[in-house]
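Notes for the one structure printed next.
The values are calculated or read from the model by the stated rules, or taken from the named source; none is laboratory data. The structure presented is a predicted model; accordingly, all values stated were derived computationally and were not measured. Cβ coordinates were reconstructed from backbone atoms using ideal geometry, including for glycine residues, and neighbour counts include every protein chain displayed. Only protein heavy atoms, including side chains, enter the accessible area calculation; ligands, DNA and RNA are left aside. Shrake-Rupley method; radii C 1.70, N 1.55, O 1.52, S 1.80 Å.
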Amino acid sequence: MSDAVLVTLDHEVRDADAPLLYADDLAVVRGDGVFETLLVRGGRALKVEPHLSRLVMSARALALPMQGLDEWRLAIDLAVEQWGSEREGAMRLVLTRGRESGGDPTAFVTIGAVAGRILDARRDGVSVLTLARGYSVDLSASAPWQLLGSKTLSYATNMAALRYAATLGADDVIFVSSEGNVLEGPRSTVVIARDKTLLTPPPEHGILPGTTQQALYEVATGRGFRCEYAALRPADLITAEGVWMISSVTMAARVRKIDGLVLPEPPLADEIVKLVDLAVETAGSESAEA
Ligand SMILES: *Cc1c(COP(=O)(O)O)cnc(C)c1O
């Protein structure tokens with residue numbers, strides 16, 4: 001038995017250890033759906049509105065019908081209330097096309113414990129492998145149906161990349177485009193520091209726009225950093241003063257090794273962790289639009 005929380009969008013608190021989905025749910029048989037992952041801390045979910053905005057964008061890209069945002073907000077509140085304020089949790093918002101045989105979309109909110117590997121990554125950083133993604137930075141514009149900027153439930157290749165990296169002793173992956181540009185991690189945004197400038201690849205390059213990276217940019221801009229979007233090469237990672245994998249639950253994981261090469265501890269290490277912390281606590285006070 002787990003102590004996980006499950007709330008469906010009809011605002012019922014359910015037994016998280018009991019089955020929920022039908023065997024013909026299109027997320028199960030096709031990966032046809034979208035999701036969000038949020039950090040729960042101090043009895044509240046963080047950056048709710050940016051996550052809901054992106055959920056709306058992802059759902060639109062898949063032409064997926066979606067419940068009203070107030071329905072999601074209420075389900076999130078109910079789930080957090082069940083989880084309590086004692087410890088951090090990892091929340092998922094899941095929206096699928098529903099059953100193949102018809103009916104409503106499937107939608108639910110879960111909260112579970114933050115995984116041990118995440119606590120390790122926050123504390124010790126991560127070793128990463130650069131891996132070929134196999135497509136060009138132009139694909140997103142020329143083939144919008146590829147859903148490159150959407151957080152879809154079709155993450156089998158992302159998970160396969162992580163397993164492949166693990167067989168070679170690495171904790172995480174940085175995807176590289178066919179022309180050799182840095183893209184993103186399978187579940188995080190790559191941010192590098194060059195002196196007091198933070199750089200990340202532009203979302204137009206087929207990257208998921210990260211809510212944590214965006215929140216970091218908002219906060220860092222007012223605190224003496226220049227924050228820019230730019231094409232990056234793997235060599236830029238090596239020569240940077242710091243490289244981080246940024247995401248909602250892990251927040252900032254410092255990259256300490258790339259393809260076996262040890263990166264020196266960045267002088268900005270503590271500052272970036274503090275900025276991301278501040279960013280996720282303060283971001284997203286404005287309501288998302290449906
Ligand atoms: C979720 C995710 C991120 C990080 O997004 P956050 O909003 O910061 O959590 C980045 N890249 C990919 C591919 C992701 O799935």
Quiz prompt | Helix-derived mean residue ellipticity, 222 nm - over the chain, DSSP H n ≥ 4, -39500 (n - 2.57), to 500 | solution = -9000 deg cm²/dmol
Practice problem: Quick one: divide the alpha-carbon radius of gyration of the chain by 2.2 N^0.38 Å and tell me what you get. | Solution: 0.99
Self-check item: the stretch 156-223: chymotrypsin sites (Phe, Trp or Tyr not before Pro) in DSSP loop, at most 13 other beta carbons within 10 Å
Solution: none
Quiz item: Which three lengths, in whole Å and largest first, does the stretch 1-131 cover when its Cα atoms are put on their principal axes?
Solution: 47, 40, 31
Quiz prompt | Cross-link pairs beyond the 24 Å C-alpha cut-off, checked among LYS196/LYS257; LYS151/LYS196; LYS47/LYS274; LYS151/LYS274 | solution = LYS151/LYS196; LYS151/LYS274
Exercise. Please give the direction-averaged projected area of the C-alpha convex hull for the stretch 124-240, in square nanometres with one decimal.
Key: 7.7 nm²
Quiz item: Roughly how much of GLU204 is accessible, in Å² to the nearest 10, using a 1.4 Å probe?
Solution: 130 Å²
Self-check item: Fraction of alpha-carbon pairs over 21 Å apart in the stretch 200-274 - percent
Solution: 27 percent
Quiz item: Can you give the accessible area per residue of the chain, in Å², using a 1.4 Å probe?
Solution: 46 Å²
Quiz item: Over what distance in Å are the Cα centres of the stretch 56-113 and the stretch 169-208 separated?
Solution: 27 Å
Exercise. Pop out the carbon and sulfur fraction of the accessible area of the chain as a percent, whole number, probe 1.4 Å.
Key: 52 percent
Practice problem: Report Rg/Rh for the stretch 62-159, rounded to two decimals, where Rg is the Cα radius of gyration and Rh the Kirkwood radius. | Solution: 1.04
Self-check item: Packing rank of 118-125, 236-243, where each peptide gets the mean count of other beta carbons within 10 Å, highest leading
Solution: 236-243, 118-125
